[in-house]
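The values are calculated or read from the model by the stated rules, or taken from the named source; none is laboratory data. Everything quoted here is computed from the prediction, not taken from an experiment. All Cβ positions, even for glycine, are placed from backbone atoms using ideal geometry, and neighbour counts span all protein chains on display. These accessible areas exclude ligands, DNA and RNA; they are computed on the full protein's heavy atoms, side chains included. Shrake-Rupley method; radii C 1.70, N 1.55, O 1.52, S 1.80 Å.
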Amino acid sequence: DAAAAEPPGGGATLRAAAAGYFDRRGLPTDPDRLTAATGARPLLLALLAALPGDVLLPRPAAPWYAAPAHFLGRPVHPVPVPAESGGAPDPVALLETVARVRAEGGRPRVLLLSVADEATGTVPPPEVLYEVCEAAAGAGLLVIGDESLRDTAHDPHATLPVSPAEITHDRAVALSDLGAWLLPPGLPAAVARFPAGADGAALHAHTTATLASLGATLAAPVAAAAAYALTEPPPVTARTRAGVRLARHLAAAVGAVLHAHGAEFRPPRAGAWLYADFEERRAALAAHDVRDSAELESWLAGRLGPYRVTGGFCLGDRPEALRVRFALLPLAGTAPQERAAALTSPDPLRLPQVVRELSAFDAVIAELTGAAR
């Protein structure tokens with residue numbers, strides 16, 4: 001039956017493929033310590049349901065990180081990230097936040113971080129990740145590492161995503177949203193790798209049982225597609241490389257536009273987003289009645305179109321900060337044939353639709369920042 005569901009947590013074929021995927025990344029994995037679900041959100045919800053207590057997140061963070069905790073009624077505490085990158089909080093700020101939360105009667109239990117950040121497009125340096133994981137272990141926190149974008153480094157020779165499971169073997173869960181890059185958006189699937197030991201086994205069992213009660217089990221065709229992608233056959237890896245190459249070109253072009261108009265940004269290292277900061281142009285933006293990230297998002301979305309810009313407030317950043325995240329891939333064109341051409345072009349920035357989109361983007365940023373130039 002093509003519509004039949006997999007067993008809760010995924011069938012043997014899918015879990016074996018996921019184990020091989022993690023094995024190839026230096027994380028030896030028992031298939032019986034893996035769980036699959038219909039996307040990262042229900043998987044994270046099931047994980048947190050098994051871990052009562054407060055949740056700590058980097059600030060900013062991907063918008064789907066906080067939602068499951070809020071749904072469960074768990075307090076969420078944002079922790080600032082270092083200046084050089086997002087994804088993982090500053091280790092000193094983490095310990096200060098844990099101490100404050102405990103002094104206020106809270107129960108910090110979980111740190112959710114990213115090894116390649118969807119919010120900012122950056123990758124935390126290995127030394128930062130080591131320090132924050134050691135700090136989390138010392139504070140008694142379990143780390144959930146979002147590894148959805150770890151294979152999208154723009155320069156894999158210069159950028160090395162590190163899994164928290166490599167650092168704190170018995171206190172870290174690796175979570176990967178396959179729909180973020182490996183699978184088409186219409187096929188939501190995610191997998192989680194649990195640590196060895198009795199605590200890891202109990203967490204795995206609780207999470208899988210919660211997924212079963214939610215009905216968040218994969219249909220057989222989706223499981224088959226996920227298993228195929230996780231074996232990383234040449235067509236899948238070639239498309240991943242093409243998508244990363246395209247994102248790298250677009251990030252450079254968008255960064256050049258922002259730099260030319262006085263905006264700052266964290267240099268993107270992975271994924272297909274760029275996090276921009278217009279604080280230095282606050283006076284110019286005020287002339288457009290733009291004084292916070294919600295107004296900035298609204299102003300830009302009205303000119304660039306929906307789904308192309310996300311205000312920092314949606315990512316847990318300070319609402320008054322003039323920061324937004326730009327989606328890069330829409331600049332490759334809106335029609336499927338345009339996207340396909342951009343993926344295969346050796347120089348996508350010369351394609352007519354990309355030239356058109358970047359010119360329009362430049363005009364919008366010039367209008368936004370030009371009042372006080």
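Details
- Over the chain: helical MRE at 222 nm, DSSP H runs n ≥ 4 each giving -39500 (n - 2.57), nearest 500: -13000 deg cm²/dmol
- Gain upon complete extension [VAL92, GLU127; 0.36 nm per residue less C-alpha separation]: 11.3 nm
- Under the convention that each Lys and Arg Cβ holds +1 and each Asp and Glu Cβ holds -1, the size of the dipole of the stretch 66-119 around its Cα centre is about 400 debye.
- Take HIS70: with every protein chain present and a 1.4 Å probe, its accessible area is about 120 Å².
- 0 to 90° range, to nearest 10: angle between helix 293-304 axis and the chain longest Cα axis: 70 degrees
- Net charge over other residues, Cβ less than 10 angstrom from the Cβ of SER163 (K, R count +1; D, E count -1): +1
- Antiparallel content of DSSP bridges confined to the chain, in %, to 5: 55 percent
- Residues whose placed amide H lies under 5 Å from that of LEU72, excluding near-sequence neighbours: none
- Percent RCO, i.e. relative contact order, over the stretch 208-305, from Cα pairs under 8 Å lying at least 6 residues apart: 14 percent
- Against the chain, whose longest principal axis is taken from its Cα atoms, helix 12-23 shows a tilt of about 60°.
- Relative contact order (%) - the stretch 35-75, alpha-carbon pairs under 8 angstrom, separation at least six: 47 percent
- Axis of helix 198-214 versus longest Cα principal axis of the chain: the two differ by about 70°, to the nearest ten degrees.
- Among the listed values [x] 63, 40, 36; [y] 61, 52, 36; [z] 70, 44, 42, the one matching Cα extents along the principal axes in Å as calculated from this structure is [y].
- Karplus 3J(HN,Hα) series, Hz, for the stretch 329-342 with 6.51 cos²θ - 1.76 cosθ + 1.60 (x for Gly, Pro): 5, x, 6, 7, x, 9, 7, x, 5, 5, 4, 4, 5, 5
- Debye, to nearest 20: dipole size of the chain, +1 on Lys, Arg Cβ, -1 on Asp, Glu Cβ: 440 debye
- Surface accessible to a 1.4 Å probe, TRP273 within the full protein complex, Å²: 50 Å²
- Across the stretch 113-127, rounded Karplus estimates of 3J(HN,Hα) from the backbone phi angles (6.51 cos²θ - 1.76 cosθ + 1.60, θ = phi - 60°) give 9, 10, 8, 8, 7, 5, 6, 10, x, 10, 10, x, x, x, 5 Hz, Gly and Pro being marked x.
- A simple rule links phi to the HN-Hα coupling: the Karplus curve 6.51 cos²θ - 1.76 cosθ + 1.60 with θ = phi - 60°, which for the stretch 168-174 gives 10, 4, 9, 10, 9, 10, 9 Hz, with x for Gly and Pro.
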